[in-house]
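What follows is calculated from the coordinates using simple rules that are stated; it is not laboratory data. On a predicted model such as this, the values are computed, not experimentally measured, just so you know. Here the Cβ positions follow ideal geometry from the backbone for every residue, glycine too, while neighbour counts run over all protein chains shown.
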Amino acid sequence: MKERVVEAKRLVGKKTVRGKTYEYEYYTLPLNLYIPKSMIEKHGTKYLLQVDEESGTITIKPTESK
């Protein structure tokens, strides 16, 4: 099992619908894993990422709570 500490990146997306542009933000971890904004607000941006290559499971745990 591999373990590493990762930090979530904040990305801003833009979408145009019927001539009006909307902006939204979302958070992502390495391996293209998306994190809900509520988790970022509750636990911060640092997470422990555990990858078990035998079973193919990925576990994300917060390193600290706000």
*asked:* What pairs come out if I take residues in the stretch 39-66 that are touching a residue at least 40 places away in the same chain (Cβ under 8 Å) and on the phi < 0 side of the Ramachandran plot and pair them with residues that are exposed (fewer than 13 other Cβ atoms within 10 Å of the Cβ) and of a type in the set (S, T, N, Q) whose C-beta lies under 9 Å away, six or more apart or interchain?
replied: Leu48/Thr59; Leu49/Thr59; Gln50/Thr57; Gln50/Thr59; Val51/Thr57; Val51/Thr59; Asp52/Thr59
_Looking only at residues that are within 20 Å of Lys2 (Cβ to Cβ) and β-branched (Val, Ile, Thr) in the stretch 26-62, which one is surrounded by the most Cβ atoms within 10 Å (Cβ to Cβ)?_
Ile35
*asked:* I need the full set of residues from the stretch 1-38 which are among the aromatic types (Phe, Trp, Tyr), touching a residue at least 12 places away in the same chain (Cβ under 8 Å) and over 19 Å from Ile60 (Cα atoms), in order please.
replied: Tyr24
